[in-house]
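Inspection log for the structure reproduced underneath, given as structure tokens.
The values are calculated or read from the model by the stated rules, or taken from the named source; none is laboratory data. All values reported here derive from a predicted model rather than from experimental measurement. Reconstructed Cβ throughout: ideal geometry from the backbone, glycine too, with neighbour counts over all protein chains shown. These area figures cover heavy atoms from the full protein model, side chains too; ligands, DNA and RNA do not enter into them. Shrake-Rupley method; radii C 1.70, N 1.55, O 1.52, S 1.80 Å.
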Amino acid sequence: MIEARNLTKVFRDKKRGEIRAVDDVSFTCRPGRIYGLLGANGAGKTTTLRLLATLLRPTAGGATVAGFDIVAEPERVRASVGFLATSTALYGRLTARETIAYFGRLNGLSDAAVAARVARLADELDLHEFLDRRVEKFSTGMKQKTSIARTLVHDPAVLIFDEPTIGLDVMTARNIVRFVRDCRTRGKTVIYSTHVMSEVEKLCDLVGIIHHGRLVAEGSLAELGERYGVQDMEEIFIRAVGADGEEAA
Ligand SMILES: Nc1ncnc2c1ncn2[C@@H]1O[C@H](COP(=O)(O)OP(=O)(O)O)[C@@H](O)[C@H]1O
Ligand SMILES: [Mg+2]
């Protein structure tokens, strides 16, 4: 479970001044559900996810993740979360197996537990073909699958995916979308950020539309379609964002 309450992050930038990257955002993600955070570039998706993963401290408001407070109990939050960031660097000299095992040991897993998790994740993500090859020669898709396996090695209850299909070919992107759906089936709490409308339609039980740091609309696809009088996610998005622009003007 993730519960964000009035989550706010203000950056102070020398040139741009005060940036309200995340502005009074509240939402709930439940186990066995995929929450889609949909927004354009710069909308505040990554900042929201970094707050939940305790990589940033909120300016105001807060959140609980798997029952733990992100400010008071960051270590316990981190132990319960797998966070796949967009900018994941892998060590080129390690193999995929070594990469996953390394992060397993960092998370306190025994050698036996690591071996079991590597085998499981290799099945689920289809890693066998390149499991014992060095990461430096991998394609973007192979790297992304290795990053996902590394992120989930400790089998966390809460999964945070930040635009996981960005830059991937169609087949690899489909595999990753299918994998995320399987995570829901296994009862994980999943939050998934994207700017790709069709991924929201395929994956998400609940959608939050974020624009200039604010959650401007939230609901299931059906609910949002009814509210805005259109069925297509792209139309819903344009109307939700447009309505916010008018209010702000
Ligand atoms: N560390 C930072 N310092 C200053 N501004 C930042 C920082 N991180 C993000 N921002 C700004 O916050 C806003 C939201 O960014 P981000 O959360 O990365 O959006 P998204 O992931 O939706 O593209 C943008 O205006 C971005 O430039
Ligand atoms: Mg981002």
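Leaving ligands and nucleic acids out of the surface, order Arg181, Arg117, Arg57 by accessible area at 1.4 Å, largest first.
Working: Arg181 80, Arg117 40, Arg57 160 Å².
Ranking Arg181, Arg117, Arg57 by accessible area, largest first, yields Arg57, Arg181, Arg117.
Note the direction-averaged projected area, equal to a quarter of the hull surface, for the Cα convex hull of the stretch 46-92, in nm².
Working: hull surface 14.7 nm².
If you wrap the Cα atoms of the stretch 46-92 in a convex hull and average its projections, you get 3.7 nm².
Return the carbon/sulfur percentage of the accessible area of the stretch 157-201, one whole number, probe 1.4 Å, all protein chains in place.
Values: 940 of 1770 Å².
Percent of accessible area from carbon and sulfur atoms in the stretch 157-201: 53.
Classify the stretch 113-186 from the C-alpha gyration tensor, please: rounded if a/c falls under 1.5, else prolate or oblate depending on whether a/b exceeds b/c.
oblate
How would Asp69, Asp162, Asp23 rank on accessible area, largest to smallest, probe 1.4 Å?
My answer, sorted largest first, is Asp69, Asp23, Asp162.
Label-point separation (nm) for Asn6 and Ala72, each offset 7 Å from Cα along Cα-to-Cβ?
Inter-label distance under the simple model: 1.6 nm.
Mind checking which of Lys15, Lys137, Lys145 has the largest fluctuation in a GNM of the chain, springs on alpha carbons under 10 Å?
The residue with the greatest mean-square fluctuation here is Lys15.
To the nearest 20 Debye, how big is the dipole of the chain about its Cα centre, given +1 on the beta carbon of each Lys and Arg and -1 on that of each Asp and Glu?
Numbers: 35 positive and 33 negative charges, 195 e Å.
Roughly 940 debye, rounded to the nearest 20.
Return the Rg/Rh value of the chain, two decimal places, where both radii are evaluated on C-alpha atoms and Rh is the Kirkwood radius. Can you show the working numbers first?
On the way: Rg = 18.4 Å, Rh = 18.8 Å.
My calculation puts Rg/Rh at 0.98.
What does the accessible area per residue of the chain come to in Å², with a 1.4 Å probe and no ligands, DNA or RNA counted?
Numbers: 12240 Å² over 249 residues.
On a per-residue basis, 49 Å².
Test of understanding: extend the Cα→C-beta vector of Tyr102 to 7 Å, then name every residue of the stretch 136-179 with backbone N under 20 Å from that spot.
136-155
For Arg181 and Lys14, what is the calculated FRET efficiency with R₀ set at 45 Å and r taken between the beta-carbons, to the nearest 0.05? Don't jump to the answer; show the numbers that get you there.
Working: r = 43 Å, r/R0 = 0.96.
The calculated FRET efficiency here is 0.55.
Probe 1.4 Å, all protein chains in place: accessible area of Asp24 in Å², nearest 10?
80 Å²
Rounded to whole Å, give me the distance from the Cα center of the stretch 87-127 to that of the stretch 14-67.
28 Å
Starting from the residue with the highest accessible area, list Arg50, Arg76 in decreasing order, probe 1.4 Å.
Values: Arg50 90, Arg76 135 Å².
From most accessible down to least: Arg76, Arg50.
I'd like the accessible area for Thr95: 1.4 Å probe, protein heavy atoms, all chains in place, Å² to the nearest 10.
20 Å²
Quick one: compute the contact order of the stretch 2-248, relative version, from alpha carbon pairs under 8 angstrom and 6+ residues apart, as a percent. Display every interim value, and only then the final one.
Values: 460 pairs, mean separation 65.7, N = 247.
Reported as a whole number, the value is 27 percent.
Could you give the angle, 0 to 90 degrees to the nearest 10, between helix 233-248's Cα long axis and the longest principal axis of the Cα atoms of the chain?
50 degrees
Could you work out which residue, out of Ile209, Ile19, Ile191, moves most in a Gaussian network model of the chain, that is, has the largest mean-square fluctuation with Cα springs under 10 Å?
Sorting by GNM fluctuation, first place goes to Ile19.
How much accessible area does His195 have with a 1.4 Å probe, in Å² rounded to the nearest 10?
80 Å²
In nm, to one decimal, how far is the Arg120 label point from the Asp205 one, both placed 7 Å along Cα→Cβ?
A separation of 2.0 nm, rounded to one decimal place.
Between Gly187, Gly36, Gly44, find the one with the highest GNM mean-square fluctuation for the chain; connect C-alpha pairs within less than 10 Å.
Sorting by GNM fluctuation, first place goes to Gly187.
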